[in-house]
Amino acid sequence: LFIRLWDVETGHLIHTFPKMPHTVNRLAFDRDGKRLAAACFDQSIQLWDTDPAVKRFPEEASLVIRGHIARIDGLAFSPSGDRLASISRDETLRLWDPNRGIDSLDHNLPAVGNSFAICPGQPIVAVAGQDKNIHLWNWQTGVAGTLRGHAAEVQGVAFAADGTLASVDKDGKIRVWD
């Protein structure tokens, strides 16, 4: 129930944050590594300041975000860092303002998502669905779409820098979409 920061070059422990009130199942750093988001089993997201230049780390989260009503299974900052995205077993994808902790946008998914990816350079999120589909959502226009083609539950998705999307299903089949 502790979050620990490590120096991967030396293997030394940098800091152990105070004991978390609930089990943490997902972590995400922002692009510059100065903030860490932790998705907890109580459906909250805790934001911690992790700037290595600071000599003293905080004793409590700088922000606690609430809104999901089921376990959070995915968590990531947008490439620009102005949004924090989360997916939950409540079949929602939510975009949060990580500075204010408010739910800026939410999107109902047609199925539970296993994981998701944010497209670099575009306001698009791809969600790997348990319904064998990939669900796309443009958070600026609100346009949603579905990519079909997997014969098994989609387990993971990833975007390349040019926007190409790859997906993998439970049977190990990888697809690349353009």
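The values are calculated or read from the model by the stated rules, or taken from the named source; none is laboratory data. Fair warning: this is a prediction, and the values are worked out from it, not measured in the lab. Neighbour counts run over all protein chains shown; Cβ positions are idealised from the backbone, glycine included. For the accessible areas, the whole protein counts, side chains as well, though only heavy atoms, and no ligand, DNA or RNA atoms are used. Shrake-Rupley method; radii C 1.70, N 1.55, O 1.52, S 1.80 Å.
Write out, first by first residue and then by second, each pair whose Cβ atoms fall under 7 Å of each other, whose residues are 6+ apart or on separate chains, and whose first residue, in region 132-157, is of a type in the set (A, V, I, L, M) while the second is open to solvent by less than 30 Å² (accessible area, probe 1.4 Å) and in a loop (DSSP other than H, G, I, E, B).
Leu147/Asn133; Val154/Asn133
Might you let me know whether region 76-83 holds any residue that is out of contact with any strand residue (DSSP E or B) (no Cβ under 6 Å at 6 or more places or on another chain), open to solvent by less than 30 Å² (accessible area, probe 1.4 Å), under 17 Å from Leu47 (Cα atoms) and free of Cβ contacts under 8 Å to residues at least 60 places away in the same chain? Let's see the steps before the verdict.
Let us first name the residues in region 76-83 that are out of contact with any strand residue (DSSP E or B) (no Cβ under 6 Å at 6 or more places or on another chain), namely 79-82.
Now restrict to residues that are open to solvent by less than 30 Å² (accessible area, probe 1.4 Å): 81.
Of the ones still in play, those that are also under 17 Å from Leu47 (Cα atoms) are 81.
Now narrow it down to the ones that are free of Cβ contacts under 8 Å to residues at least 60 places away in the same chain: 81.
For region 76-83, residues out of contact with any strand residue (DSSP E or B) (no Cβ under 6 Å at 6 or more places or on another chain), open to solvent by less than 30 Å² (accessible area, probe 1.4 Å), under 17 Å from Leu47 (Cα atoms) and free of Cβ contacts under 8 Å to residues at least 60 places away in the same chain: present.
Quick one: which of Gln140, Gln155 is within 19 Å of His107 (Cα to Cα) and open to solvent by 60 Å² or more (accessible area, probe 1.4 Å)? Explain how you work it out, then say what you get.
On the way: Gln155 fails: within 19 Å of His107 (Cα to Cα).
Criteria check complete, one pass: Gln140.
Filter region 75-95 for residues that are in contact with a Pro (Cβ under 8 Å, 6 or more places away or on another chain) and modelled with pLDDT under 90; which is nearest to Ile118 (Cα to Cα)?
Here the answer is Pro79.
Would region 36-44 turn up any residue that is more than 30 Å from His150 (Cβ to Cβ) and assigned to a loop (DSSP other than H, G, I, E, B)? Show your work before the answer.
Going residue by residue through region 36-44, those that are more than 30 Å from His150 (Cβ to Cβ) are 36, 38, 40, 42, 44.
With assigned to a loop (DSSP other than H, G, I, E, B) added as a condition, the list becomes 42.
Within region 36-44, one or more residues are more than 30 Å from His150 (Cβ to Cβ) and assigned to a loop (DSSP other than H, G, I, E, B).
With the requirement that a residue be open to solvent by 30 Å² or more (accessible area, probe 1.4 Å) and under 15 Å from the mean Cα position of the chain (by Cα), what does region 105-114 give you? Step through it out loud before you land on a result.
Going through region 105-114, the residues open to solvent by 30 Å² or more (accessible area, probe 1.4 Å) turn out to be 105-108, 110, 114.
Residues satisfying the conditions are Leu105, Asp106, His107, Asn114.
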